[in-house]
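The values are calculated or read from the model by the stated rules, or taken from the named source; none is laboratory data. In this text the structure is predicted, and so the values were computed from the model without any measurement. Here the Cβ is made from the backbone with ideal geometry for all residues, glycine too, and neighbour counts use every protein chain on show.
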Amino acid sequence: MKIVVLVKQVPDTWGERTLRADGTVDRESASAVIDEITERAVETALQLREAHKGTVTVLTMGPPGAVDVLRKALSMGADSAMLVTDAAFAGSDALQTSAALAAALRTLDFDLVIAGTESTDGATGAIPAMLAERLDLAQLTFLSTVVVDGDIVSGSRAVEDGSLDVRAHLPAIISMTEQAPDPRFPTFRGIMGAKKKPLTTLSAADLGLEPTELGGAHAWSLVRDVTARPQRSAGTVITDDGTGATQLADFLVAAKLL
């Protein structure tokens, strides 16, 4: 069984995270770590490999420094890694990111792609579905458990009134929630062995992507304004003297929430 896991390097949630004026994440303002939910996705893949044999490849798109999260996943037990990196990708939105990741996945032979539901920096929760659309794959998203039996992948998804059991034929893409298994700690042997495992680096040109369609300048989504988070205050108290609705609407407009 050949599994690809999408991992991501994100600013540490324990640190202070900020945005640049152009709306992109200031990745130098906080320590960079592997996103916890994608770390759980790696653990899910490793457990499936232990049950069914095969290989686990970890894939990420990011700056050259994102190789660190790939090394972390390799030290956990993944077999190989792929880094998609290019200055042209800087500021890419979810649509552009999914295009680059889909192009990278087309270079790989796989039965199952595993992702986290959403990252702690972008938090769109849309990449797995976008990839399924681009690659014409079945998708099972927001899973808390996963089982593979032959060419069928199945799992449980939490819904408002309980849980929903879903299944699909392989190849498929799935996304795991924070209920996925806790990630294992890399051993010293795993850390040393990770340095010798294959790691492929691909650029936009390697993937056949046009630089004029990539990056923040060509993104489909646009951040128009960035405002620093204000200091916590007592807030605004609206007394309804018959104009409460108007006061509330004016407050929301002033805060650019309406």
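The table that follows gives values for the structure above.
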{"read-out": "Selection status of Ile174, closer than 28 Å to Val146 by Cα, touching a residue at least 12 places away in the same chain (Cβ under 8 Å) and surrounded by 14 or more Cβ atoms within 10 Å (Cβ to Cβ)", "value": "yes"}
{"read-out": "Residue in segment 133-141 that is within 23 Å of Lys72 (Cα to Cα) and within 19 Å of the chain's Cα centre (by Cα) present", "value": "no"}
{"read-out": "Any chance Val153 is touching a residue at least 24 places away in the same chain (Cβ under 8 Å) and surrounded by 10 or more Cβ atoms within 10 Å (Cβ to Cβ)", "value": "yes"}
{"read-out": "Residues located in segment 84-99, provided they are surrounded by fewer than 22 Cβ atoms within 10 Å (Cβ to Cβ), of a type in the set (A, V, I, L, M) and outside any loop (DSSP other than H, G, I, E, B)", "value": "Ala87, Ala88, Ala94, Leu95, Ala99"}
{"read-out": "Verdict on Val148 being free of Cβ contacts under 8 Å to residues at least 60 places away in the same chain and either more than 16 Å from the chain's Cα centre (by Cα) or part of a loop (DSSP other than H, G, I, E, B) (or both)", "value": "no"}
{"read-out": "Considering residues of segment 208-233 that are among the charged types (D, E, K, R) and exposed (fewer than 10 other Cβ atoms within 10 Å of the Cβ) only, the residue modelled with the lowest pLDDT", "value": "Arg224"}
